[in-house]
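A short worksheet on the structure shown next.
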Amino acid sequence: MPERFTVTTPIYYVNDVPHIGHAYNEVATDVLARWHRMRGDDTWMLTGTDEHGQKIMRTAAANGVSPQEWTDRLVESAWIPQLELLNIANDDYIRTTSERHKVGVRIFLERLKEAGYIYHGEFEGQYCVGCEEYKTANDLVPGTGEFEGQLVCAIHSRPIEVVREANYFFKLSEFGDRLLALYEERPDYVQPEHVRNEVRQFVKQGLNDLSISRNTFDWGIKVPWDETHVVYVWFEALLNYITANGYGVDDELFARRWPAVHIVGKDIARFHAVIWPAMQMAAGIEISSHVFGHGWLLVGGEKMSKSKATGIEPRQITEVFGVDAFRYYFMSAIAFGSDGSFSWEDLDARYHAELANGLGNLASRVIAMVHKYCDGVVPEVAVDADILALTTDAVGRAERAIDRFAIDEAVDAAMSIVERLNGYITEQAPWVLAKDEAQRDRLAAVLASNVHGIGAAAILLAPVMPETAQKLWAAVGGEGDVLAQRIQAAHEWQGTGRVTTVPPLFPRIEQAQPAS
Ligand SMILES: [Zn+2]
């Protein structure tokens, strides 16, 4: 039986315009999914959009269209095209306005109510419409500028609204001890460690029951037993992970796909590692495998967001550097789980050093030498022992890194092959060996070793740079699709055919940053 790997992005709030913060999450999740597919795991990548709530209703009205028309337009014009732009191979895309989601949400709510975890009560709280979330005193900061003298949301820098409602509540407060036990029993459930600590700390302070319905507006999923209420958008959105996978409707499918791994930004780890597991416990569903909270992308020291004018559209980068370089840069330059700073200078420097001069140059030199010295035929001789040890070690390191969600370390392991081969060529100097008939065998071994190393690196880099990896793979005579290779056996590959040609993979770029 292949292992199961169901992995999810958050469903993105459709009202935002996609920026590289979203792209970062999408690419990371896609890399993990592609990696597991190449292992032969039963892999399923889910992404989608969160389309209900007051904020969307207000924006739609401001634009003179219905909320459904508004979300349809954003999904079609922005969110789906972004997935295509970034070469994301998601298996499914769920919209919270879809019928399958609504059906699953109603089934889930009925079960929760039957189990006694839902009651009707009164509540007054400080609500941020931007976050679609009630705020506690700790979440608020003094406002500045036009909001001087008021408390504002720390994320949106805008005043909160005092909301008083008679709503349905989920008995979240009953799950504190069970959640703390979960974090103890499964230390790798919430990752990385600093996010786990933050979540534990939050639960230790004590949990309040959660208001899960609203009756002041109607853009949402109706509560099945009281149609004057719609379900709180976050509560309903979290359910996409199961409604997309057959929950309550197709038990066989659900058993195959569930539980899942959630890749989220650390700012929403609390929803995923506190509220969501409590909901799962209450409904008797198996708890998700992992919640990984990655860091923020910072531009000039600030979290990237459209509202703060630091938003950069992925297209601005891909148009200059290409999609694969975009994917490579964000996966390699930032330790996955930590915050990372984006700058055009850093991107430009890494592109030229690591991709153009490192990988691109290695491939074109080796292919040219096999043509020149061996008429394009890869010598069928043993690979040098130290090069075989190099690729074996790189595969082992990369595999272990992926199991820890350390995507950057996996990329680093793959690139260690490239770096070493460039040094190896200089040391072995095939152009010198070629002048000496007595060194024919040695020359053959050096070229075979290089071809082997490039092939292994192409396999390891395929989840990150699918298109470049395929070109490299074809250039060294690899057969078929590089994504069909077994990634855990990348070091066992040895070229036996003919090399072809390698197109320019990473052309030099004169002006990196678009003129503003
Ligand atoms: Zn907010």
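Which members of segment 375-392 meet the condition of being touching a helix residue (DSSP H, G or I) at 6+ places or on another chain (Cβ under 8 Å), in a helix (DSSP H, G or I) and surrounded by fewer than 18 Cβ atoms within 10 Å (Cβ to Cβ)? Of everything in segment 375-392, just one residue is touching a helix residue (DSSP H, G or I) at 6+ places or on another chain (Cβ under 8 Å), in a helix (DSSP H, G or I) and surrounded by fewer than 18 Cβ atoms within 10 Å (Cβ to Cβ), namely THR392.
Of everything in segment 116-142, what is more than 12 Å from the ligand (Cβ to nearest atom) and not hydroxyl-bearing (Ser, Thr, Tyr)? Give them in sequence order.
Applying the first criterion (more than 12 Å from the ligand (Cβ to nearest atom)) to segment 116-142 yields 116-125, 136-138, 142.
Correct list: GLY116, ILE118, HIS120, GLY121, GLU122, PHE123, GLU124, GLY125, ALA137, ASN138, PRO142.
Comparison of ILE155, ILE107 shows that the only residue that is open to solvent by 20 Å² or more (accessible area, probe 1.4 Å) and within 16 Å of the ligand (Cβ to nearest atom) is ILE155. Can you tell me which residue is farthest from the chain's Cα centre (by Cα) among those in segment 444-477 that are over 23 Å from ASP408 (Cα atoms) and surrounded by fewer than 24 Cβ atoms within 10 Å (Cβ to Cβ)? Taking the candidates together, the pick is ALA444. Figure legend. Inter-residue proximity from segment 113-130: first residues farther than 18 Å from ASP226 by Cβ, second residues more than 16 Å from the ligand (Cβ to nearest atom) and not aliphatic (A, V, I, L, M), beta-carbon distance below 9 Å, spacing 6+ or different chains. Indicated pairs: GLU124/ARG164; GLU124/GLU165; GLY125/ARG164; GLY125/GLU165; GLY125/SER211. Among the residues of segment 478-496, what is the count of those that are touching a residue at least 60 places away in the same chain (Cβ under 8 Å), open to solvent by 30 Å² or more (accessible area, probe 1.4 Å) and part of a loop (DSSP other than H, G, I, E, B)? Of the residues in that region, 4 qualify.
Screening MET369 with (1) open to solvent by less than 30 Å² (accessible area, probe 1.4 Å); (2) in contact with a Pro (Cβ under 7 Å, 6 or more places away or on another chain); (3) more than 20 Å from VAL418 (Cα to Cα) gives one miss only, at (3).
In the condition set (1) over 27 Å from ASN15 (Cα atoms); (2) free of Cβ contacts under 8 Å to residues at least 24 places away in the same chain; (3) open to solvent by 40 Å² or more (accessible area, probe 1.4 Å), GLU302 is compliant with all but (1). Could you tell me whether TRP44 is modelled with pLDDT of 95 or more and part of a helix (DSSP H, G or I)? No: the conditions fail for TRP44.
Of all residues in segment 1-36, those satisfying the criterion of being open to solvent by 10 Å² or more (accessible area, probe 1.4 Å) and farther than 30 Å from LYS222 by Cα are MET1, PRO2, GLU3, ARG4, PHE5, HIS19, GLY21, ARG34, HIS36. Among the residues of segment 37-64, those identified as open to solvent by 30 Å² or more (accessible area, probe 1.4 Å) and over 30 Å from VAL261 (Cβ atoms) are GLN54, MET57, ARG58, THR59, ALA61, ALA62, ASN63, GLY64.
Suppose we filter ARG186, ARG200 for residues that are touching a helix residue (DSSP H, G or I) at 6+ places or on another chain (Cβ under 6 Å), more than 16 Å from the ligand (Cβ to nearest atom), within 30 Å of GLU286 (Cα to Cα) and charged (D, E, K, R); which single one remains? If you could, list the steps in order and put the result at the bottom.
On the way: ARG186 fails: touching a helix residue (DSSP H, G or I) at 6+ places or on another chain (Cβ under 6 Å).
Answer to the check: ARG200.
Residue count for segment 179-238 satisfying the condition of being assigned to a loop (DSSP other than H, G, I, E, B) and either open to solvent by less than 50 Å² (accessible area, probe 1.4 Å) or not hydrophobic (A, V, I, L, M, F, W, C) (or both): 20. The set of residues in segment 432-456 that are of a type in the set (Asp, Glu) and in a helix (DSSP H, G or I) comprises GLU437, ASP441.
Restricted to segment 137-152, and to residues there that are out of contact with any Gly (no Cβ under 8 Å at 6 or more places or on another chain) and surrounded by 12 or more Cβ atoms within 10 Å (Cβ to Cβ), the residue that is modelled with the lowest pLDDT is ASP139.
Please tell me if GLY64 is modelled with pLDDT of 95 or more and over 20 Å from the mean Cα position of the chain (by Cα). Walk me through how you get there before you give the answer.
Numbers: modelled with pLDDT of 95 or more: yes; over 20 Å from the mean Cα position of the chain (by Cα): yes.
When the stated conditions are applied, GLY64 passes them.
Could you check, for segment 416-431, whether at least one of its residues is at pLDDT 95 or above and outside any helix (DSSP H, G or I)?
Of all residues in segment 416-431, those at pLDDT 95 or above come to 416-431.
Narrowing further to those that are outside any helix (DSSP H, G or I): 429.
Taking every residue of segment 416-431 in turn, at least one turns out to be at pLDDT 95 or above and outside any helix (DSSP H, G or I).
Residue count for segment 113-134 satisfying the condition of being of a type in the set (Asp, Glu) and open to solvent by less than 50 Å² (accessible area, probe 1.4 Å): 2. Scanning segment 50-88 for residues that are under 28 Å from VAL320 (Cα atoms) and either touching a residue at least 60 places away in the same chain (Cβ under 8 Å) or in contact with a Phe, Trp or Tyr (Cβ under 7 Å, 6 or more places away or on another chain) (or both) returns LEU74, VAL75, ALA78, TRP79, GLN82, LEU85, LEU86, ASN87, ILE88.
The values are calculated or read from the model by the stated rules, or taken from the named source; none is laboratory data. Bear in mind that the values here come from a model prediction, so they are computed numbers and not experimental data. Here Cβ is always computed from backbone atoms with ideal geometry, including for glycine, and neighbour counts include all displayed protein chains. For accessibility, only protein heavy atoms count, side chains too; no ligands or nucleic acids. Shrake-Rupley method; radii C 1.70, N 1.55, O 1.52, S 1.80 Å.
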